[in-house]
Amino acid sequence: MGAATHEGVTRARFLRFGAGLSICTALPPLAFSQPRTETKMNTRPIPSTHELLPVIGCGTWIGFDVAPGSAEYQRLPGVLDALFAAGGKLIDSSPMYGRAEAATGDLLAASKQRERAFLATKVWTSGREAGIAQMEQSFQRLRAERIDLMQVHNLVDWRTHLKTLRGWQDQGRVRYIGITHYTSSAYAEVEAVLRAEKLDFLQINYSLDAREAGQRLLPLAAERGVAVIVNLPFGGGGLLRRLRDKPLPGWAAEIGCTNWAQVLLKFVLSAPAVTCTIPGTGSPEHMTDNAAAGTGPMPDAAFWQRHAASLAA
C-alpha cells in the first residue's frame, strides 16, 4: 500500500448502513483494490515506520496452549507453515495463554523460521519489577533476543509498563510498543491512553457483531498514526457458529471468499484503519483458509451496504 493510501487512512471516517452495520472508510471511499500478487497476502503499513505488515496473522490463545507431544501439538508446525506459505508473519501470544508462548518459541526454533515471524506478546501484571520479570520470561519462552511488539495487556498498570518499554525500545530489545483490550466497557480508558501516549499499536476487538470500536477507536488510531491489530474477528466464535448453517451467498465469490470465516475477515479488513487481524487457530487447514482472506479484493462500504441483509446473523 502506497503513501497515498496511507494518507487516506489517516483521514478515515465511519459510515453506517443497513441492519446497523458500520465500517470505516477513507475519503474518498475505497474502491476494490487488487492484491499485490495472485498468491501472496496483501500488506499494510505500520504508520510509525511504514514497515509493511501482512494483513492476516495468527492468534495463539487456546490453539497453542497444548501439551508437547499431544496430537494437538503435532499439528502446530503445520499452522506456522501455512501462515508463512501464505505470506503472513504476525504471531500474537501472551503469558496468560498458558503454554502458548513456549510452544511458539519451541516451534520456531525447531523449524529455524524465527526470522519469518513478527512476534507479538504482552505484559499482564502490576508493578515495575513484576512486569520486567514477566517480560523477561516471555523472551525466554519465545527464545527471542528481540521481540517485535510488546503490548500492555488490558491496560494493566500501563503507565508503569510503558515507561519500561520505552527504555527497552530505545535499547532495541523491542521494536514496537502498544496496548490491548477486548471489551467495550474499557473503550473510554483505551481512548484516553491513545490520546495521551505515543504508541505504535492498538490491539482491539472488532467484528461484524461487535462494531463499537469502529465508532471512535479506529478513527482515533488512524488520526494518531497507530497501527491496529484486530482480535476476536469472529466475534469470539459465536458469530461464526451462527452463520455456519446459512448458505454462503453468491456475492461472496466476488470478493474471493469460499466460506463464512473469510467473509468475516474481509469485513474486518475493509476498515482502512485496520493493519492486521489475528484469528486464533491450532488447525493448519483453518490457518490456510484464514490466510486466503488476506488476498484478492477488499470491498468498500457500499459493497457491505448492498449485502447487509445477507449478513444479519
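The values are calculated or read from the model by the stated rules, or taken from the named source; none is laboratory data. Source: prediction; values computed, not measured. Positions of Cβ are backbone-derived with ideal geometry, glycine not excepted, and every protein chain shown enters the neighbour counts. When the accessible area is computed, the model is the full protein with side chains, heavy atoms only, and any ligands, DNA or RNA have been set aside. Shrake-Rupley method; radii C 1.70, N 1.55, O 1.52, S 1.80 Å.
Quick one: of the DSSP bridges fully inside the chain, what percent are antiparallel, nearest 5? Provide the component values of the computation, followed by the final result.
On the way: 9 of 35 bridges.
If I count the DSSP bridges inside the chain, around 25 percent turn out antiparallel.
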Determine the sum of side-chain charges near Asp157: Lys and Arg each +1, Asp and Glu each -1, restricted to other residues whose C-beta is under 15 angstrom from that of Asp157.
+2
Charge tally for neighbours of Ser185 with beta carbon under 13 Å away, counting Lys, Arg as +1 and Asp, Glu as -1, is -3
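How big is the dipole moment of the chain about its Cα centre under a simple scheme where the beta carbon of each Lys and Arg is +1, that of each Asp and Glu is -1, and everything else is neutral? Debye, nearest 20, please.
Working: 33 positive and 28 negative charges, 64 e Å.
Its charge dipole is roughly 300 debye.
Roughly to the nearest percent, how much of the accessible area of region 127-210 is carbon and sulfur, given a 1.4 Å probe? Numbers along the way, then the final one.
Values: 1580 of 3670 Å².
Roughly 43 percent, rounded to a whole number.
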Per the helix-only model, the chain has a calculated mean residue ellipticity at 222 nm (DSSP H runs of ≥4, -39500 (n - 2.57) each, divided over all residues, rounded to the nearest 500) of -10500 deg cm²/dmol
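Subtracting the Cα-Cα distance from 0.36 nm times the residue separation, let me have the gained length for Thr258 to Glu136 in nm, one decimal.
Working: separation 122, 0.36 × 122 = 43.92 nm, distance 4.20 nm.
Taking Thr258 through Glu136 to full extension adds about 39.7 nm, to one decimal.
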Determine the alpha carbon to alpha carbon distance for each of Lys40/Lys112; Lys89/Lys198; Lys122/Lys266; Lys89/Lys163; Lys112/Lys163 and list only those over 30 Å.
Lys112/Lys163
Packing-based ranking, highest mean first, of 166-176, 211-221 given that Cβ atoms within 10 Å are counted
211-221, 166-176
So how many Å³ per residue does the convex hull of the Cα atoms of region 112-234 work out to?
112 Å³
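Within 12 Å, Cβ to Cβ, of Met287, how many net charges do the neighbouring residues add up to if Lys/Arg are +1 and Asp/Glu are -1? Write down the numbers at each step before the final one.
Numbers: positive: Arg75; negative: Asp81, Glu285, Asp289.
Counting the neighbours of Met287, the net charge comes to -2.
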Charged-residue dipole, Cβ positions (Lys, Arg, Asp, Glu), region 187-275 about Cα centre, Debye nearest 20
240 debye
Taking amide H positions as placed in the peptide plane 1.01 Å from N, state which residues far from Gln203 in sequence (5 or more) or on other chains have amide H under 5 Å from it.
Ile179, Thr180, His181, Ile229
When the chain is treated as a Gaussian network with springs between alpha carbons less than 10 Å apart, the largest mean-square fluctuation among Pro279, Pro299, Pro233 is found at Pro299
One finds, for Arg128 and Gln305 with R0 = 35 angstrom and r their Cβ-Cβ distance, a FRET efficiency to the nearest 0.05 of 0.10
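As a test of the definition: which semi-axes, in Å, follow for the chain when you take the square root of five times each eigenvalue of its alpha carbon gyration tensor? Largest first, please. Please list the in-between numbers first.
Values: eigenvalues 170, 109, 61 Å².
They are 29, 23, 18 Å, listed largest first.
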